[in-house]
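Visitor: Please see the structure below; I have some questions.
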Amino acid sequence: MVDMAKLGAGLSLGAATSMPNSTRQLHRTMLLRMPSSFQNVSATGRRFLCVRAESKDASGTVEKTDVSPNEPATIPARISKEPRRFFVRSDQWLNILGGSIGLPLRLGTGAFVNGYKVGFVSANQFPSEKYSFFEIAGWKLVETGKPGARPEKPIELYEFEGCPFCRKVREIVSVLDLDVLYYPTPKNGTTFRPKAIKMGGKKQFPYMVDPNTGVSMYESDDIIKYLVENYGDGNVPLALSLGPITTITAGLAMLGRAGKGGKYTPSQLPAEPLRLWAYEPSPFCKIVRETLVELELPHYYYSTARGSTKRDELLLRSGHFQVPYLEDPNTGVQMFESADIVEYLLQTYALPAPQAS
């Protein structure tokens, strides 16, 4: 295996890998824990998609239930399409370019998991359920990482996209390949910003709560140090250990998306947190995260940086690997394609603007 950790950052621009139907049935269930403190919020007055959801009970019997809408919403036609490899919708080029500025400025921090290595395996011996984005002359690229101890429950983070200190913490989340429950705290947010201020006593972000240890804390550098000591190898990556330089470059990395992901858009909270597979440096993932934050939608975040085993898990789960990938347990919707996800989130959760009397 060749150590690639120092070769710089790479970005998967939505590479998708298909699997046969027989293999899809072998997928393993990912454990999704809902914290007991999350309050169930009624969807009364909002438009939800009417979808048929399927679930299996302990005996394996498939149960089908309808998610009944208060007022049926129109499903955009693009939602049902297959993921498109290396595709940027014509109206999204500026958004994607703006979101890409952070890649060189932050040296791709968060694009690779800790201990990232690559090697090649004969395509004939390569497991069909494993993800590989590159093949040459009958050999497939294998990417691995070396994460530390895994938390039993997801780390909880109160933060927002338009904050350089929050970005630093999101980068270490990707490096450590952690699963996180994000509670967005956009400016003027009505739910999680006041809750975080009440819990911690300060109007300051990011704010971390680790339900595994009972530890809660402010200060991005302290959070980073805590996470690498408890869930990594104890070493803070160079790009996250440069003090003011780290913070300045994290701020500059957001210039291309200035003003996005920071202000609250009135919305209806979902009954359950959404689920997003993504990783920090990807501009496609960024525009989805911005919308989740602006709508103040809590969401489980499954890190999928290069070398993460969750790339294999997503391949098994959906039959493809491509991020961002969204699952909404409130409506049954499962979808790829960043621009389409943004449309779906706005249509489903944004409240209509009040009409002038």
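Visitor: Going Cα to Cα from Lys260, which aspartates and glutamates come in below 20 Å? Please leave out same-chain ones fewer than 8 positions away.
Guide: Asp91, Glu159, Glu161, Glu171, Glu280, Glu290, Glu294, Glu296, Glu337, Asp340, Glu343
Visitor: Please give the per residue accessible area of the range 135-289, computed with a probe of 1.4 Å over protein heavy atoms only, in Å². Please list the in-between numbers first.
Guide: Details: 6150 Å² over 155 residues.
Accessible area per residue: 40 Å².
Visitor: Students often get this wrong, so check it: of Lys117/Lys140; Lys202/Lys286; Lys130/Lys168; Lys140/Lys286, which have C-alpha atoms separated by over 21 Å?
Guide: Working: Lys117/Lys140 14 Å; Lys202/Lys286 27 Å; Lys130/Lys168 30 Å; Lys140/Lys286 29 Å.
Flagged as over cut-off: Lys202/Lys286; Lys130/Lys168; Lys140/Lys286.
Visitor: Amide H of Thr309: which non-local residues (sequence gap of 5 or more, or other chain) have their own amide H closer than 5 Å, using H built in the peptide plane?
Guide: Amide H neighbours of Thr309, under 5 Å, 5+ apart: none.
Visitor: Treating the beta-carbon of each Lys and Arg as +1 and of each Asp and Glu as -1, no other charges, what is the dipole magnitude of the range 171-321 about its Cα centre, to the nearest 20 debye?
Guide: Details: 17 positive and 16 negative charges, 129 e Å.
Approximately 620 debye in magnitude.
Visitor: Among the chymotrypsin sites (Phe, Trp or Tyr not before Pro) in the range 82-114, which ones are in a DSSP loop with at most 13 other Cβ atoms within 10 Å of the Cβ? Mind listing them? All intermediate terms of the calculation are to be shown ahead of the outcome.
Guide: Values: sites: Phe86, Phe87, Trp93, Phe112; in loops: Phe86, Phe87.
Filter output for the range 82-114: Phe86.
Visitor: Points 7 angstrom from Cα along the Cβ direction at Leu238 and Glu129: gap in nanometres?
Guide: So the label points at Leu238 and Glu129 sit 3.8 nm apart.
Visitor: A follow-up question, please. What whole-number value in cubic angstrom gives the convex hull volume per residue for the C-alpha atoms of the range 140-220? Let's see the in-between values first.
Guide: Numbers: hull volume 9.4 nm³, N = 81.
Expressed per residue, the convex hull around the Cα atoms of the range 140-220 is 116 Å³.
The values are calculated or read from the model by the stated rules, or taken from the named source; none is laboratory data. Everything numeric here is computed off the predicted structure, so don't read it as measured data. Counting neighbours? That spans all protein chains shown, and the Cβs are built from the backbone with ideal geometry, glycine included. Note: accessible area is taken over every heavy atom of the protein model, side chains too, but ligands, DNA and RNA are not part of it. Shrake-Rupley method; radii C 1.70, N 1.55, O 1.52, S 1.80 Å.
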